[in-house]
Structure formats: structure tokens, C-alpha cells
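Structure, as C-alpha cells:
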Amino acid sequence: MTLSDEKYPAKLVSLRPSDFEYGRTPVPIPAPARWEYETREQIVRHFQSLIYQLKIITQTYLPTAKAKLTSRRSYAYPIVLKMNKLAKSHRPDQILKELSSEVIAVHALGKIIVAITEDYLKQFIIMIDELIKIVPKKREDWIVWGKSKSGAPVQSVEKEKNREYDLIHELTCIDVIQAYSANEVLEAMGAEDYKACEKDGEFKVRFFSYDDQMDREVLFNFTSYFHHRGLENQKINRLKYSHNLSTYTIPYVNQEIIQQMASFPGVESISSFTRFRVTNANLMQDTQVLDVVQPEQGKTYPKVALVDSGIGSSNAHLAPWIESEEVYVPFNRQDNYHGEFVGGLLIYAHLANPFLKDVVDTGVKVLDVIVLPNKKYESIREDDLIDALEDALRTYSKEFRVWNLSLGSSRLCSGMISEFTASIDELQDRFKVSFVIAAGNYMEMRNVWPIKDPFLNEMDRISLPADSIRAITVGAVAYNNDSTNLVSKGEAVPYSRRGPGVGLSIKPDVVHYSGNPDNFPIHSIDTFGHIVSDYGTSFSVPLVSAVLAECYEQFPGTLTKTMAKALLLHGSKHPATKKYITTLNDHYLYGFGLPRRINDVLYGNEHEITLIFEGKLNPTQNRNWIRISDFPFPESLHDGGKIRGEILATVVYEPHLNPQRGSEYCRANLDFRLRTSRAKGGYDTITKGSSAGEGSDSAMWEKDQMTRELKWSAAKQFVFKAPRGREGSSDIRLELYPTWRNLSEKKEIPFAIVITIRDPKKEAPVYNDVSKALLMSFQSNDVKLRYEPTRISSRGRS
């Protein structure tokens, strides 16, 4: 690690009160929504199909469902609406309002579940029937033209037709209406899950969340019905860590009862408790032994909480680096191999793997949290893991901000948010820590490379808890290869699970090196300091944890987890091409890339500068959005009506989360723009988001914004690249504004922005230009590392 560019540190720029806007966000007023069908004949045919589907529900589903209820009249039944459009402007808001209904859950993209009573289901049919009588020959028959305040022509709907126009629009966006089925309830249940339920003697039942009164009514009807079938009601308990989810532990009776419960109206899902275990190949042990490296007295080091199988008391190589220990597994049920391998990579990675780059080589202090038992005997259940994490966090969260979770499960990320994922997101927010989590190992291993369509097969998609929005999920890439390998150096190894995450979000967040089976494993140490070899995403995680911990340790002043993540992602590049990642396929394999160490992110040179902004949007304080009208763009990159150079902007924010909303878990989106003034007036956006690339299929499902601009993704990057210049001026604006899933959910949004401006030709004095501009109009501080770390070294012996 060198600090050769420390005289060109990044600048932490304070946002001024005038940068916050209290008015409406700068989005154009939309034209009347288009109907999904063009002619009256097409619309009527579609409406008749919807009526037919509703009659199947009322005539077939309702009689069976009602027979299970004690209280029936006002009971709201879960009904699935499958939408052919994703944007919130296509949601059936007017329909639900007229049916006194509401959305009670969202699962996969385009699949919403609403609660409708029997009377309103019948009213739904009448509504559609009445609309059929008045559908115009074509949509345009109800459109009129007018003028905006500026005199521009605008479209609007005939005033007396507004209600009917909206209802027709919303109905044409609905593909399918059906009752929520038992198959959907049991989606997470396979043969092994039934066995796990029987072994545990209990399982989880999640109910749809209505309002308090309806929730009580659903639970009362459920317990009354199954009490007569052998269910002991006194053993039913609310899952204590489900918080925003209505999940209960139910005592096991038999498999038949589980299947009967799946047909009970109001049950959303049934699942076994997820279990977490370590996975490793334990390939080989070398005769080489590394010397013990001791931390220096009085010196501070990065800190990582290692949540794993533990480090043995006789491990002389790691013992000096352990600051504290929390034991949740009895000694006689421990197997420390995995924990020591991961711990060895935190401290000895550069010594055991001298070919590795971008790894922390200065030592890491460890909190040893022993939660994973010997896999030969058992695994840890999700509720026990949550209890252990919460207990350890209460004591150590202020001192240890990075928590390494090199563990995984067999449960794949889906359209539903699990209780465990929701809980660890809550823990990270409550204790202000960052979890670094393995993407998971695909045990069958991919046999095709490259992957051309990320949506074709989901069997190698990330597994729980890698779908955590607040966490940093880590995939694995190869550090070397030969003719026997499917992938080359720097490419995603065949076992590293891939994205997308929840709602097409980018997962993994980053990658680091691990073994490329079978000839190129990653190396660490065992209890006695012998070099041992293995592979798995578990072993790429500690390399990232150490880099992130170094950010917390070296950053001057207080570092929030939002900013820590932004710095980590900003310094990441594709491990093979060494370029910033800009395509969908690559994002779902590599995230934002392989992270660099903090000095490489914060220190530049005379031809580049990095600016850091941090703040909170808060509608209750009239801080609705941001506009920096005098963004400090270097004059030396502006010449003759053109601007040139490169800009990379990384935006990380923490939206409000709602686990009931599945693929719409993130309830807000932040959009970022850099805009330059035009000679003819107005402003052009010069930054571009990620491209869908080969992902195709973007027109269908409206994935264009969700993939191209990473809409609703809590981390995103934007790029300006014009080495030869493009039309523009040094009059550049930075804009940051939110979009809300639901206006009633407007909440504070913490955000961090890291922007690097550079001259790729290495000619312009970018650093000096921007520094002068900052002095004139902004309050800023140099971001200099707290101290210069010293590389630790050791001699190996045989």
C-alpha cells in the first residue's frame, strides 16, 4: 500500500441550505395513460375474460373458502392480480378505491395480492359489465387538446370521462385475476422442508397483513378451524423477529395438516425454518507453515466481527488478533476449520496468497462470534442465529462496524422477502453496522460460459441471506486458470451465485478472489499455521470485509454505513477488464466489481479529483430534493462550447423497506443527474446509468428503467465519458430527486454520493480547478487517511 498521491486527497463537500429544494421534483406532467388495447373489440374481449375469471372465483373458490370460516360476511379474501405493466401509474388504484380494497402483498414483479370481500367481488363484476357498455371505439375519442401555461400543446381526458378512462386503463393492465392458491402458499416447501418441519416439531405460517381487526379475525378463524384437527393453540406463538410480518410458529401435526393450512384463506406462506451451515471442500494441506505475526502494541487496526464456526484456542497464528470472543456453540460441538480459514484470510491473505492484489495486508483485529456448529452434527436455525447476532450486536456494534457472515442456505432469493432477510436488514439499521455476506455456492456449478440471458434460469441465483438490501453481498472470481477451467482469471467462478436481487436490484454488490476449481484453490491457514486450500464464496467475503473495515478505520471522523458502502462501490472495477461495470449481465455476476483499498479511492492526482457529498432528504423538513446549480466542473475541461473528460458518480441511499411488498421491498428511488446548459437554452443530461446490454426483454415488463437506470436499486452508478468532447458548458447542475412507491410512505432518506472527475488524457489541471471553485462557493475539507498503515510480513517455513 502506497500513499504516493496523498497530496491530492478527496474533498468532503458540505451541502448548503440553498442546495435543498422544497417544491415539486422536476418531472414532467404525464400525458393521459395509454390503454393496453387499441380498439373497442379488443378491450371488450379482454373485459369479458376478466369477468369469466371473477366468476370462477365466486362460484368455485369462495364456497370452499367460506366453509372454513366462523365469521364470513366481512372476510376479505386474498385475490391475485397479475399485471402486464410494472410502473406505479398502471396500478389499479381507482379500482381498489371503488371496491374498498387494498394491496396486502406484492410478490414477483407484476404480481400483487389484494383483499376483497365477497360482496365487492360481485361488485367488481358489475363494474366491468357497466364499463363494457361505454367503451369508445378508440381511446382518442375521449382525448382533448389544450395548452400548458407555457403555450405548449397538451393532452387531457374529457372531464366527465376521467373516472371511466382510469378504470378502463387499469383493467387493460390486468392480465389475470385469480384466487391465491395453495401452491403459492407452499412454494418454498420441498420434500426436505417437510422433513425439517417434522424434525423441528414446528414450522412458520405467515398470514397476509390487513389491519389489526382483520388480522385478529384471520388468526381466530385459523386457530378455530385447526383446533378441531389436532392443533394445540397454546403452542402457537408470534415469531418474535418478524416485526412487520404477521408470522407465527405453528406446532407440527402431520404433513396433511400443513397442506390443509395452505388452502386456508389468509395464509400467505408456509415454510420450514431456514438453516445455515458452512460449505467447504477442504481440498488439501501443505507442509508449509507461516510464521506467527503479532500486532504491534499501541497500534490500532481495522476491526471485523467474524460470525462463523470459531477460532480454536490453540491457534497461535490468530489468537493475538482476537480482541473479544462470544461463544454460542459448546466446545464439544465445534469444528473450527471454516472459521479459522476465514479468519486466516482476514490477516494472512497476502502471505498465503502472494499473487493476490487489492487485499488488506496490515492486520485486522477480530471479534470471534462462534455460532456455526460442526456440520457433521447440526446446523444453526434462523431464529437462533438472529438471537446470537442481536445479543452480540448489543455489546459490540459501536466498536465493530463490519460483520463478516461467510455462511449460506439452500433457500433461493424469490419474489417474497423472508423473515430472516427482513430481520437482518432491521438489525443493520438499528445497530448502524454493515453485514458482509456470501452470495452463496451453486453446488451443481455452471457448465456454460458466458451467461447470455440473466433471466433464463434462476437455479444459480443468490440464496438467503444474500438478498439483504442493507448488506454487502460478495461473489467470487478466479485468480488464475488453465485449460481445464471453464472461466479465466478475473471471471465469475462456476459456483458463485448471481443476481438479480430483490426487484431486479444489483446483487452481488461486489466480488473478490476465491478458488477456481479444481487446480487453483484459495489458500489460508489451519490451527497450526499450515497452508490449507479450498474454494467457495465464503472465502471471498473476508477479503471484502477487511477492505471495508479499513475504510471505517482510516476515514477521518465518523463514517456512516451509507458512505462506507458508497466508497467501497465507487472504488470497484471489473476484475478482468479493470473498467467500470456498465451492463446488466456483468452487474448480476460482479456487482460493481472488485473493490480497491481506501487510499486508491480517496487519493488522486493533479488530473483528477474525488468529491464526497452526504445528507438526508426529508419531506417533513422541506428538503424534498437537491439541486446544486453551480456544480464545480473544471474550467480546463471546457473549451469552445464543448466539455470533455470522464465523470463517475456512485449513489448509495437507504430507502424505507417494507417486507410485505416483496419485489417492491425498496419503497423509494433516488434519481441522479448531471446536466449542462445548451447554447439554445435549457439543460441536457450528460450522465448515463447502466445499460441493459444483452439482457434484452427490457421493453416487456418495463424493465428498461429498472435495469438501465437501476430504478428502485439502493446503489447505482452514473457515467459521463467524452474524451473528445461534446456540446456543453461549465454551467453544470447536479440534481438528486426521489420517487415514492406510495406518497403516504414519504420518509427520510439518508444518501451518500461519491463523484470522481478526471482527464483521461492526463493534461488538464483538474484538481486545482475544482479546488478553486470549491473555495469560492462551498465549504469543503480534505479527506486524509488517519495514518499510514504498515504491511505485516512473515517468512514461511516447511
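Only the coordinates and a few stated rules stand behind these numbers; no lab work does. Please read all numbers here as calculations on a predicted model, not as lab measurements. No Cβ is skipped: glycine too gets one built from the backbone with ideal geometry, and neighbour counts run over all protein chains shown.
Brief remarks follow.
- Centre separation in Å (Cα based) which lies between segment 196-216 and segment 129-171: 45 Å
- For the chain, the alpha-carbon radius of gyration amounts to 1.01 times the rule-of-thumb value 2.2 N^0.38 Å expected for a compact globular protein.
- Amide H partners (placed H, <5 Å) of K111, local residues excluded: M83
- A full extension of the chain between K240 and T395 corresponds to an added length of 53.8 nm, given 0.36 nm per residue minus the alpha carbon distance.
- For N516, neighbours were defined as the other residues whose beta-carbon sits under 14 Å from its Cβ, and their charges (Lys and Arg +1, Asp and Glu -1) total -2.
- Residues V433, V103, V601, V304 arranged by fewest to most Cβ contacts within 10 Å: V103, V433, V601, V304
- Taking 19 Å as the straight-line reach from the Cα of K721, the lysines in range (excluding those fewer than 8 positions away in the same chain) are K573, K578, K579, K642, K688, K761, K762.
- Within-15-Å neighbourhood charge of L775 [Cβ basis; K, R +1; D, E -1]: -1
- Highest mean first, the peptides 58-66, 398-406, 557-565 sorted by other C-beta atoms within 10 Å per residue fall in the order 398-406, 557-565, 58-66.
- Each label point was placed 7 Å from the Cα along the Cα-to-Cβ direction; for N84 and R724 their separation is 4.4 nm.
- Computed [θ] at 222 nm, helices only, for the chain once each DSSP H run of length n ≥ 4 contributes -39500 (n - 2.57): -7000 deg cm²/dmol
- Förster radius 45 Å - calculated FRET efficiency between K66 and E140 (Cβ-Cβ, nearest 0.05): 0.50
- Note on segment 763-778 and segment 454-470: Cα centroid distance 43 Å, given to the nearest whole angstrom.
- Peptides 108-120, 519-531, 183-195 ranked from most to least packed, by the mean per-residue count of other Cβ atoms within 10 Å: 519-531, 108-120, 183-195.
- Residue order, fewest to most surrounding Cβ atoms within 10 angstrom, among E426, E608, E444: E444, E426, E608
- GluC sites (Glu not before Pro) restricted to segment 35-74 and DSSP loop, no more than 16 other C-beta within 10 Å: E38
- From least to most packed, judged by other beta carbons within 10 angstrom and beginning with the fewest, K711, K199 follow the order K199, K711.
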